[in-house]
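One structure is given below, encoded as structure tokens.
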Amino acid sequence: MHTVLLTGFEPFDQDPVNPSWEAVRQLDGVLLSDDVRIVARRLPCAFATAPACLMQMLDELRPAMVIATGLGPGRSDISIERVAINLNDARIPDNLGAQPIDTAVVVDGPAAYFTTLPIKAMVRAVREAGMAASVSHTAGTFVCNQVFYHLQHKLAGSAVRSGFIHVPRLPGASEPFMPLSSMIEGLRVAVTAAWQTSVDVLEAGGQVS
Ligand code: PCA
């Protein structure tokens, strides 16, 4: 049995829930095929502890693919991240009170890593299933980007593909949002497309500044 590791984050910054974890926890145990199972795990929203937690999950589960997810306040769709950058610049303190400003994620690491997921095929599949999705060219400079960078750094050159997806807020006081059921289905479709697609499709997904 192969494992696809899906992670979500604990709540942070006033929000009582984090939709990334609320969505991926519903996918725990879901089979992508006879021999591929999703395992969902939660990460702390803290610069000091999240990377070590993730590394422990990789050691323990030996996943065949890894997709981390997080809340992107202000995002309106399933945002499939293209690139992780080697920079922490926290606008708010994390859950342990740390607020690194202009520090490296990995000292002397490369400036950035691209995802190794077939992001265009994932966007296409989610849209065809009726949910909004797009390629995103910044995962921010907070804990999500840090975790994404560590993930790509650790798995660079390996056969295990990995990447990151930001999700919108859940319906509530602030917009934009996406209902939890759409988020769960959108992530399931995105993960399935990632697993099934070995060569990405070539279609526009960029931005003009
Ligand atoms: N979103 C934050 C960190 C945790 C989360 O869910 C981010 O985008 O960095």
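Read the figures in this text as sums done on the coordinates, not as results from a lab. In this text the structure is predicted, and so the values were computed from the model without any measurement. In this analysis, Cβ positions are derived from the backbone assuming ideal geometry, glycine residues included, and neighbour counts consider all displayed protein chains.
May I ask which residue of N86, V126, A52 lies farthest towards the positive end of the charge dipole of region 30-137, with charges of +1 (Lys, Arg) and -1 (Asp, Glu) on Cβ and the Cα centre as origin?
V126
Order by neighbour count: C45, C53, fewest other Cβ atoms within 10 Å first, most last.
C53, C45
Pick out which of P168, P51, P179 has the largest mean-square fluctuation in a Gaussian network model of the chain, springs linking Cα atoms closer than 10 Å.
So, out of P168, P51, P179, the one fluctuating most is P179.
What residue among G72, G109, G186 shows peak mean-square fluctuation when the chain is described by a Gaussian network model with Cα springs under 10 Å?
G109
In a solvent-free Debye calculation with one equal scatterer on each Cα, what is log10 I(q)/I(0) for region 17-75 at q = 0.15, 0.22, 0.23 Å⁻¹, listed in the order of the q values?
Reported log10 I(q)/I(0), two decimals: -0.51, -1.00, -1.07.
Pick from V106, V39, V135: which residue has the top mean-square fluctuation in a GNM of the chain where Cα pairs under 10 Å get a spring?
In the Gaussian network model the winner is V106.
Taking the Kirkwood radius as the inverse of the mean 1/r across Cα pairs, report the Rg/Rh of region 115-209.
Rg/Rh for region 115-209 comes to 0.97.
List the residues, sorted by chain then number, that are 5 or more residues from T116 or on another chain and whose placed amide H is less than 5 Å from its amide H.
Residues meeting the criterion, in which the H sits 1.01 Å from N, are S162.
How big is the Kirkwood radius of region 75-138, worked out from every pair of different alpha carbons and given in Å to one decimal?
About 13.8 Å, per the Kirkwood formula over Cα pairs.
Of the listed peptides 117-126, 84-93, what is their order by residue-averaged count of other C-beta atoms within 10 Å, with the highest listed first?
By packing density, highest mean first, the sequence is 117-126, 84-93.
Classify the chain: rounded, prolate or oblate, from the alpha-carbon gyration tensor (a ≥ b ≥ c, eigenvalue square roots; a/c under 1.5 rounded; otherwise prolate if a/b is larger than b/c)?
Rounded, because the longest to shortest axis ratio a/c is under 1.5.
If you take every DSSP beta bridge fully contained in region 9-142, what fraction is antiparallel? Give it as a percent rounded to 5. Let's see the in-between values first.
Values: 7 of 12 bridges.
If we restrict to bridges inside region 9-142, about 60 percent are antiparallel.
List every residue whose amide H lies under 5 Å from the amide H of V105, counting only residues 5 or more places away in sequence or on a different chain, with H placed 1.01 Å from N in the peptide plane.
L87, N88
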